[in-house]
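What follows is a single structure, written as structure tokens, with notes after it.
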Amino acid sequence: MAYDAIASVIAILLAFFLFDTELHLTLQTFERFKNTWYIYLLTSIVVFYLIGFYDQMWAYASGVTYLILVAGVTFQMLLSLIITQIIGQRLPFQVYIVYWFLLFTAVAAIRFIYRLTRSKNVLSRLYRDNRKFSTEPVIRVMIVGAGMAGSQLVTELQRQNKRIPLLAVDDNKLKQTFKVNGVPVLGTRHDIPDLAKEYRIDEIILAIPSASSKNIREIIEICQQTKCDIKIVPFLSNAVEGRSDIGEIRDIDIQDLLGREPVILDTAGISEKLKNKKVLVTGGGGSIGSELCRQIASFMPSTILIFDIYENNAYSLQLELCRDYPFVKTQVLIGSVRDRERVDEVFKIWKPDLVYHAAAHKHVPLMEDNPCEAVKNNVYGTFNVADAAGKYKAEKFVLISTDKAVNPTNVMGATKRLAEITTLAINMKYPATTFACVRFGNVLGSEGSVIPLFKKQIQTEKRVTVTHPDIKRFFMTIPEASSLVVQASCFAKGGEIFILDMGQPVKIVDLATDLIRLSGYEPNVDIPIQFIGLRPGEKMVEELFLDEETIQTEHSEIYILDQINTTEMLEQEWKHLKKLIKCPQNADELDQHMQELIHLINPKAAQ
């Protein structure tokens, strides 16, 4: 600040000198300078402060930052001109033009020098590294991608001491003769092995956020021919949303290989539905429930109610939400959806406007062994929460369902189908409340899913087990699924089953192969893949719907199931549901009911 103020005074003095072609100051000119110098000093301090000059991180300056600099100098010059004219100390306009150039040069130069100083001299660091003069290890880096992300990454690495970007590769032939912030582009992806050897590269960083999963997979396979560590930069869309930064270099994750496009939401429409509302999320401490809470909180509801039987996860989530969204009231409510009295108590006291029902038992093999518990939690629990939502006049109830509810061949799938039927039936009972279901497939990284299981097997057992070489599943990330659930809920008008576009199913054996390679091993060489056979109730391929037609909503990744069930069929299923809600203690009797229901929903399953 002091430098800028002094620079403004010196700049106006030099402008006097430069404008005077005789190279001497007349008495009148000197008097004008003596009477106005403080104006330039004060206006520079005030304008530069108000325009945010001193809030900028000049070591990370970009084009926008320098535009702020141009605007600041321009406003300061104009304000000085106006004030001097008002007080009668007129100067020729040419003086102000010269003054502007001198002041801009002065304030820009010092900041540019500062940026260069902070960035340090990359060549000298490389020189020290080559001669082992450096006391700290320096990682020699190759960057894949010479676009915007690659350019930003080079700039970021040049500010650090840990990594030195030596070269970049890009498949665009037009970029081969260019440099990215001083780093040469020396080849394409196919040159990676040779270049890595020639330049003794330690680490390869992928900086191509827009690349498809197929391209990412191909590039990784080429990189694995080297002995280099392989990293990736986050999606630029995440950086824009403030969720990540271009400098947050991380290991390749299985999600990078599945490659789904970032979800585009109608944020204005969602905000209109959620702002200032009380939102209850059952199973709020779980994988899907907790992410729902995070995303809902970003739309500024008045209150988020985290209902869960497990207090540790719920408490951790509450602390996170209070930190990230301090203006949203967050309340943890401990209880089970199976406890009708507790559920009624929660609705009576808090009267939530919106309900997202994510609480459920989801493990197929465990539910085969514990069918009664599956019915209590998934069917009776859904009935309790949905009925309370209608009874206490909540605006909307949304059931989180699964693709295993389609054509169910196992207890878990059947109970989730029953949960859907429950929701549709209660929708007819309480017309004041909107009831809907959202159905999707597997989510990556959820507790008990195949990804954490494979990672643990690779680390501890040095083997991976897959039930069948041809088994396939749909996959979606937890944030993607949660965001689409929130979006779909805004479309609900009552009685719909929404289906999320899961893309193409993925072979589980391919998933296992990718994870093994990402862990630095070779499949069936270092880590064997063993096929152990299908588990009870497990299907080769999951479906999101049967022969029913689907209707696309306003969102390209959300569909509505045009159900072929007649009212008579729904009533028939509802009779079976009532028998199951009573949940007899005799396991054999319950199993018989389950088999009858599975046969009713899917006759082929009972054959």
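Since every read-out is calculated from the coordinates, none of them should be taken as a lab result. Predicted, not measured: the structure shown is a model, and the values here were computed from it. Because the Cβ atoms are built from the backbone with ideal geometry, glycine has one as well, and the counts that use them run over all protein chains shown.
Of note:
- Over segment 286-382, relative contact order from alpha-carbon pairs under 8 Å, at least 6 apart, %: 25
- Cα→Cβ-extended label distance, 7 Å offset, between Q459 and R250, nm: 1.6
- Rounded to 0.05, the FRET efficiency of the L50 and D324 pair, given R0 = 30 Å and the Cβ-Cβ distance, is 0.50.
- Take the Cα of E272, step 7 Å toward its Cβ, do the same at D369, and the gap between the two points is 5.0 nm.
- Over 30 Å (Cα to Cα) - which of K277/K404; K429/K472; K277/K455; K351/K416; K329/K396 fall in this group: K277/K404; K429/K472; K277/K455
- For the Cα trace of segment 241-364, dividing Rg by the Kirkwood Rh returns an Rg/Rh value of 1.01.
- For N410, no residue whose modelled amide H falls within less than 5 Å of its own remains once neighbours fewer than 5 places apart on the same chain are excluded.
- Computed from the Cβ-Cβ distance with R0 of 41 Å, the FRET efficiency linking K493 to A109 stands at 0.05.
- Simple spin-label estimate for D229 and F531 in nanometres, 7 Å along Cα-Cβ: 3.8
- Cubic angstrom per residue, convex hull over Cα atoms of segment 346-472: 124
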